[in-house]
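> I have a structure here, written as structure tokens, and I will follow up with some questions on it.
Here, each number is a calculation from the coordinates, and none is a lab measurement. If you're wondering where the values come from, they're calculated on a predicted model, not measured in any experiment. Note: ideal-geometry Cβ built from the backbone for every residue, glycine included; neighbour counts use all protein chains shown.
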Amino acid sequence: MGGSFGFFEIILFACIAAFLVYRLGSVLGKRTGHERSPGDIPGRSSNSDNDNVVALPERSGQQSDHEEAGPTSVAAGVVQLQVADPSFDEEQYVEGAKTAFELIIKAFAAGDGKTLRALLSDEVYENFAKEIRAREIANHTHETDLISISAADIIEIYMEGSGAFITTRFISEQVNETRGSSGDIVEGESEVVAEVTDIWTFARDTRSSDPNWTLVATRSSS
């Protein structure tokens, strides 16, 4: 009797597990219409030019037709990501994202291509490098003083195959200025602390042993 009961108990648990997996897939597997192609996973190339907008030099506030996900979608995205990568920790990611944000902002201002190369996808890197080259040709120097990061909030998480994508809104206080060859300020104000909102998307392949996230898209919001 004991062996028979154990057998039927295993069958019951298996049926329950299958049902939960089915429900999880039906809820989390739906597309929102904003998924990126596998080519946008770090280390691969893409034909899209609209998602990788670099607004750092001008803070142009260029808008995107991307709809931000609500809290429920973010929570569902966390669950979906943790299914693919059980080691994912939301708080740890946010702290790492803030560190990456600071490194990228400072590297861009300094024209540090080596640091940028390690943190950006191919498309974003090329856009950053293009801005840096234009600055060098004009004999301009750019300075950014990152005073503080007052907020770093996840606004969307989704999976595309094994690729995980997290869009994060950064609100920071910065002083930005660009100087010409004579040392005069040609853009920005050295005495003005501005509140800047940046919306960046980071990605990583959850099957990779590399735990680092790569910046794959940027936009600024006024």
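> Only residues that are of a type in the set (A, V, I, L, M) and in contact with a Lys or Arg (Cβ under 8 Å, 6 or more places away or on another chain): list them for region 163-193, please.
Of everything in region 163-193, those that are of a type in the set (A, V, I, L, M) and in contact with a Lys or Arg (Cβ under 8 Å, 6 or more places away or on another chain) turn out to be A164, I185, V186.
> Looking at region 91-109, which of its residues are in contact (Cβ under 8 Å) with a residue 12 or more places away in the chain and under 13 Å from the mean Cα position of the chain (by Cα)?
Answer for region 91-109, where residues must be in contact (Cβ under 8 Å) with a residue 12 or more places away in the chain and under 13 Å from the mean Cα position of the chain (by Cα): Y93, V94, G96, A97, K98, A100, F101, I104.
> Condition first: basic (K, R), touching a His at 6+ places or on another chain (Cβ under 8 Å), over 29 Å from P86 (Cβ atoms) and free of Cβ contacts under 8 Å to residues at least 60 places away in the same chain. Can you find one or more residues in region 169-182 that meet it?
yes
> Test T218 against the stated conditions and say whether it is part of a strand (DSSP E or B) and crowded, with 18+ Cβ neighbours inside 10 Å.
yes
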